[in-house]
1. Just need a number here: residues in segment 240-266 that are over 26 Å from the mean Cα position of the chain (by Cα) and closer than 11 Å to Val221 by Cβ.
2. Can you tell me which residue in segment 420-445 is farthest from the chain's Cα centre (by Cα), limited to those that are assigned to a loop (DSSP other than H, G, I, E, B) and among the hydrophobic types (A, V, I, L, M, F, W, C)?
3. With the requirement that a residue be over 15 Å from Phe240 (Cβ atoms) and open to solvent by 50 Å² or more (accessible area, probe 1.4 Å), what does segment 172-186 give you?
4. Before we move on, is Val241 open to solvent by less than 50 Å² (accessible area, probe 1.4 Å) and either at pLDDT 85 or above or within 29 Å of Leu164 (Cβ to Cβ) (or both)?
5. How many residues does segment 196-209 contain that are open to solvent by 20 Å² or more (accessible area, probe 1.4 Å) and in contact (Cβ under 8 Å) with a residue 24 or more places away in the chain?
6. Being farther than 15 Å from Leu9 by Cβ, charged (D, E, K, R) and open to solvent by less than 50 Å² (accessible area, probe 1.4 Å) is the filter here; which residues of segment 260-315 pass it?
7. State all residues of segment 41-84 that are of a type outside the set (A, V, I, L, M, F, W, C) and either open to solvent by less than 10 Å² (accessible area, probe 1.4 Å) or at pLDDT 80 or above (or both); if no residue qualifies, say none.
8. Limited to segment 1-40, what total is found for residues that are modelled with pLDDT under 65 and surrounded by fewer than 20 Cβ atoms within 10 Å (Cβ to Cβ)?
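The values are calculated or read from the model by the stated rules, or taken from the named source; none is laboratory data. Because the structure is predicted, anything quoted here is derived from the model rather than measured. Here the Cβ positions follow ideal geometry from the backbone for every residue, glycine too, while neighbour counts run over all protein chains shown. Accessible surface areas use protein heavy atoms only, side chains included; no ligands, DNA or RNA. Shrake-Rupley method; radii C 1.70, N 1.55, O 1.52, S 1.80 Å.
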Amino acid sequence: MRWRGGYLLDLSLAVSGVVLNVLVATSSLGGPSAPPWVVVLLALLGGLPLALLRRWPGAAALCLIVLLAVYDQIEASTVDAVQILLPVAVGVLARLREWRWTVPVAVLAAFATGLNLADPGLAFTRGAWFYTVGIVAVPVLIGRYLRGTALRRPDEDHAPLLDLLMAGGGLALAVLGSWPNWSSGALPAWAVGLMVVLSGLALGVVRRLPGAVLLLESVLVIVSDQYVGEVGTTLQILLFVALGVFATRARWAWVLAGYLLTCAASVITVVDDSTEITAWRAIALIVMVAAPVAIGRYIRGRQAAARQAAELAAARNRADRLAERERIARDVHDIVAHHVGAMVLRASAALYAGADGPAEEALTDIRATGHRVLEDLRGLLDVLRDPGKDDIPSADPEDVVRDAVARMTAAGLQVELDIAPEAEGAPLVVRASAARIVQEGLTNVLKHAGPGTEARVKVGITGHELAVEIRNGPGAAASRELPSTGQGINGMRERAGALGGRLTAGPAEDGGWRLAAALPVRTGTARSRE
């Protein structure tokens, strides 16, 4: 996993840097007569520092600064590739390291860039100064922004500032890399500038519309190459960025289609009438276009791993909360049950000793109330132990039933409620489940029978069970098509079954509907009150 997750990306970065140097190096070290091994050596030296980019970005940037200065002095054409890679390294350095490391390296990079632009005997123009500072400052700002965003919020899917930054970075790269050549082609300068600006700004929506942006960048690269060839080379970098983002979002079939499209656009840009097509150049082009795909798929895998880790952390957090919840419930049960149990035993002992009159009535009530409290404690403990029971009653169940009846009455039902006094002797968890069944049952009556329907709700004790019955007559009006999950009766049946009870539902003899539930009462409280 470490090889696949770390070193493979380092290798991909190094290979992409080498391939970029090879493609740019149409001649090297004194002109076209330079031996091929010299071209390969310079390309290797220019691309291999990218292998250090993730772990030692400062060292990678310094290597590229030295190579840029040396290549400029020996007039190697691979200097253009190194000049492209240097701002990338400075941006990564700004993303991964503090200002105290970024600023000195950025100053050295700007100095090396100025040295590359300066020609003997020619004045260093204001445009050259602008390019020298801008090509280093823009990636530094982007890197610092990404560093701050990563520290504040790992999830960048809904970060408008990132889209704005992508647009600004793309625009700066496109303009800074192509503006000297706007007047060198068949198109007017304003048309070329418009095309360049459009290509850069398109990166602002590449995360949301990666396929459309990839197609647009491909068209702009082809058009610019046909009319202003030098501009097409710069826009091809934006095309690679769009392909990399596309690879993070699309499936493999679409990624392959995008890869082939980018290969075709790159061939049109790189190959001209005087270019000799060799197997080496074909392989280099294929590998270069594959580099953004490999990086994009790696980022996609890292994002998926991050989401999975977040989900796993959330699951562990829930498990920890449930364990703590059960521990607290058990402690509360043990403490309260101990004191209530002692109270019940003393009341029973006093009754056994022969208490009579008002004292007997009071002691009997204390004993019955203590039994009920103990049963309610056991029921609440079961709820707290069971992660599937998330509806711990926070209000009196009878109040919940009355509130449901009031709301259904306001919605148009004619509801008659009958709650037997002895029903209040049932355990709290049983009464809470009965209240939820009444709520769902009345909601079903309103859904299927419609307003104006007469309904009767009856709750009482039958034997050792709490009986709930909801009966309604035929619909008084045409029922509206209200949304329904189709799981109402199944959910109520599961709720009753969880308590060891049963639930039945079906047509009534008068053409209406009858729903009945029987929930076991696990105490003798109800019997003692009869």
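1. Adding up the residues that qualify gives 5.
2. In the first step, residues of segment 420-445 are kept if they are assigned to a loop (DSSP other than H, G, I, E, B); the result is 420, 426-427.
Filter again for among the hydrophobic types (A, V, I, L, M, F, W, C), leaving 420, 426.
Numbers: Ala420: 51, Ala426: 46 Å.
Checked segment 420-445; the qualifying residue farthest from the chain's Cα centre (by Cα) is Ala420.
3. Once the filter is applied, which keeps residues that are over 15 Å from Phe240 (Cβ atoms) and open to solvent by 50 Å² or more (accessible area, probe 1.4 Å), segment 172-186 yields Trp179, Pro180, Trp182, Ser183, Ser184, Ala186.
4. Considered against the rule, which asks whether it is open to solvent by less than 50 Å² (accessible area, probe 1.4 Å) and either at pLDDT 85 or above or within 29 Å of Leu164 (Cβ to Cβ) (or both), Val241 comes out as no.
5. Total satisfying the criteria: 5.
6. none
7. Gly46, Gly47, Pro49, Arg54, Arg55, Pro57, Gly58, Tyr71, Asp72, Gln73, Thr78, Gln83
8. Of the residues in segment 1-40, the ones modelled with pLDDT under 65 are 1-6, 26-34.
Adding the requirement that they be surrounded by fewer than 20 Cβ atoms within 10 Å (Cβ to Cβ) leaves 1-6, 26-27, 29-34.
Qualifying residue count, segment 1-40: 14.
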